[in-house]
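*Asks:* Here you go, one structure.
The values are calculated or read from the model by the stated rules, or taken from the named source; none is laboratory data. Just so you know, these numbers come straight off a predicted model, no measurement behind them. Please note: Cβ atoms are built from the backbone with ideal geometry, for glycine as well, and neighbour counts cover all protein chains shown. Keep in mind that these areas ignore ligands, DNA and RNA; they rest on the heavy atoms of the full protein, side chains included. Shrake-Rupley method; radii C 1.70, N 1.55, O 1.52, S 1.80 Å.
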Amino acid sequence: MTIRHLLDITDLTVGELRHVLALSTAAPKKVLDGEGVALIFEKPSNRTRHSMEMAVVQLGGHPVYTRGEEIGFDTRETVEDVTRIMSGYHGVLAARVFAHATVTRMAACSAVPVVNMLSDRSHPLQALADVITMKEHCGPVDDLVVAWVGDYNNVARSLAEAVLMLGGTMSFGCPAGYDAPAAELTRLAALGGSVSQTDDPHAAVVGAHVVHTDTWISMGQEEESAARRKVFSSYIVDSTLMGDAAPGAKFMHCMPAHRGEEVSADVFDGDNSLVIAQGHHRLTAARGALTFVREASR
């Protein structure tokens, strides 16, 4: 039997990505009936925990939330030992980790599907939720220009993969040193759609139907706070920046957000903000991802 994992959006073909999106918005199927799902959190998260737990319940399974210190990857036990034991208890293992290598090591030895709930490289569940939200409020992704302003991070990478695989246009506005390297842009361009990058956030959003951003300082980057705030000070998404986007452009943010830092309060809480719908669709996306890996691994 082939086990299908979801560690990156690019683990899916374009057809499979469309299938996951369709499963996400379809009526839930009891694909996890009588099974457990391990939810391992090295990094805490409000939205991820609640959306994943409820998705498992809606699919007929039993979620088991486990904190990172209870596992102790490579301190109390190796990643491989934990994975081999837990895959004997559960139908799916899902992990929110610091290092992407952790989920790849899990996938290499797991007897059941592994889902990446976030790593330093990728955030596929967030990308799925973002695409679902954009399709619902803005139309087909292949008709959209999607702008990202700020740090080229894990969220940006997964979002770009999904948008480009679906034929959309991706525009990055990132400061030097925090942008996508040339090799990364080449990799993204090969996925489909169209991708461009500039260090001018205003130029990046011209013609954009949706403008995304994220916090300037992610968990684990606290020591870089002062330097990052200085670098990103001109990358705040405010009404002036949104005015350079397409008329009626929507704003999106994966949250948690810091009003007055990466986004102004009037944009975040404004009529064109999709952040609440986007957050709610984390549950929608979780259902689709879990259904896909479980059905594809049977």
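*Asks:* Please find, among Val114, Val79, Val131, the residue that is of a type outside the set (Ser, Thr, Tyr) and closer than 30 Å to Val211 by Cβ.
*Replies:* On the way: Val114 fails: closer than 30 Å to Val211 by Cβ; Val79 fails: closer than 30 Å to Val211 by Cβ.
After ruling out the rest, the residue left standing is Val131.
*Asks:* If Glu262 meets every condition in (1) touching a Phe, Trp or Tyr at 6+ places or on another chain (Cβ under 8 Å); (2) crowded, with 17+ Cβ neighbours inside 10 Å; (3) over 17 Å from Gly243 (Cα atoms) apart from one, which number is that one?
*Replies:* Failed condition: (3).
*Asks:* I'd like to verify a number: residues in the range 98-116 that are among the hydrophobic types (A, V, I, L, M, F, W, C) and farther than 15 Å from Asp8 by Cβ, how many?
*Replies:* Number satisfying all stated conditions: 4.
*Asks:* Would a scan of the range 221-230 turn up a residue that is among the basic types (Lys, Arg) and within 23 Å of Leu164 (Cα to Cα)?
*Replies:* no
*Asks:* Being of a type in the set (S, T, N, Q) and within 22 Å of Ala101 (Cβ to Cβ) is the filter here, so list the residues in the range 1-53 that pass it.
*Replies:* Thr10, Ser45, Thr48
*Asks:* Every residue in the range 87-101 that is within 25 Å of Leu128 (Cβ to Cβ) and in a loop (DSSP other than H, G, I, E, B), please.
*Replies:* The answer is Ser87, His90, Gly91, Val97, Phe98, Ala99.
*Asks:* For Met134, indicate whether it is of a type in the set (A, V, I, L, M) and assigned to a strand (DSSP E or B).
*Replies:* Spelling it out, it is not the case that Met134 is of a type in the set (A, V, I, L, M) and assigned to a strand (DSSP E or B).
*Asks:* If I filter the range 128-143 for residues that are within 30 Å of Thr2 (Cβ to Cβ), over 15 Å from the mean Cα position of the chain (by Cα) and surrounded by fewer than 22 Cβ atoms within 10 Å (Cβ to Cβ), do I get at least one hit?
*Replies:* Taking every residue of the range 128-143 in turn, at least one turns out to be within 30 Å of Thr2 (Cβ to Cβ), over 15 Å from the mean Cα position of the chain (by Cα) and surrounded by fewer than 22 Cβ atoms within 10 Å (Cβ to Cβ).
*Asks:* If you don't mind, there's one more thing I want to ask. Looking only at the range 230-243, decide whether some residue is open to solvent by 60 Å² or more (accessible area, probe 1.4 Å), farther than 18 Å from Leu159 by Cβ and acidic (Asp, Glu).
*Replies:* For the range 230-243, residues open to solvent by 60 Å² or more (accessible area, probe 1.4 Å), farther than 18 Å from Leu159 by Cβ and acidic (Asp, Glu): absent.
*Asks:* Under 8 Å between Cβ atoms, which residue pairs at least 6 apart in sequence (or on different chains) link something in the range 16-29 that is within 12 Å of Leu290 (Cα to Cα) with a partner that is open to solvent by less than 50 Å² (accessible area, probe 1.4 Å) and part of a loop (DSSP other than H, G, I, E, B)?
*Replies:* Every condition considered, the pairs that remain are Val20/Leu12; Pro28/Leu59; Lys29/Leu59.
*Asks:* Sticking with this structure for a sec: If only one of Asp179, Asp120 is touching a strand residue (DSSP E or B) at 6+ places or on another chain (Cβ under 9 Å) and within 22 Å of Val231 (Cα to Cα), which one is it? Even if it seems obvious, please write down each step before you answer.
*Replies:* Details: Asp120 fails: touching a strand residue (DSSP E or B) at 6+ places or on another chain (Cβ under 9 Å).
Criteria check complete, one pass: Asp179.
*Asks:* For the range 24-44, check the following and say yes or no: at least one residue is at pLDDT below 95, crowded, with 16+ Cβ neighbours inside 10 Å and assigned to a loop (DSSP other than H, G, I, E, B).
*Replies:* Among the residues of the range 24-44, at least one is at pLDDT below 95, crowded, with 16+ Cβ neighbours inside 10 Å and assigned to a loop (DSSP other than H, G, I, E, B), which makes the answer yes.
*Asks:* Let me ask another. Report, by residue number, each residue of the range 198-217 that is touching a helix residue (DSSP H, G or I) at 6+ places or on another chain (Cβ under 8 Å), open to solvent by less than 60 Å² (accessible area, probe 1.4 Å) and not acidic (Asp, Glu).
*Replies:* Within the range 198-217, Thr198, Pro201, Val205, Val210, Val211, His212, Trp216, Ile217 qualify.
*Asks:* I've got another one for you. Inside the range 174-192, can you point out the residues that are more than 21 Å from Asp244 (Cβ to Cβ), open to solvent by 50 Å² or more (accessible area, probe 1.4 Å) and not aliphatic (A, V, I, L, M)?
*Replies:* Selection gives Gly177, Pro181, Thr186, Arg187.
Per-residue answers, yes or no, for (1) crowded, with 16+ Cβ neighbours inside 10 Å; (2) in contact with a helix residue (DSSP H, G or I) (Cβ under 8 Å, 6 or more places away or on another chain); (3) in a loop (DSSP other than H, G, I, E, B); (4) not basic (Lys, Arg):
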| site | (1), (2), (3), (4) |
| --- | --- |
| Pro63 | yes, yes, no, yes |
| Glu69 | no, no, no, yes |
| Asp81 | no, no, no, yes |
| Ile85 | no, no, no, yes |
| Val103 | yes, no, no, yes |
| Ala111 | no, yes, yes, yes |
| Val115 | yes, yes, no, yes |
| Arg121 | yes, yes, yes, no |
| Gln126 | yes, yes, no, yes |
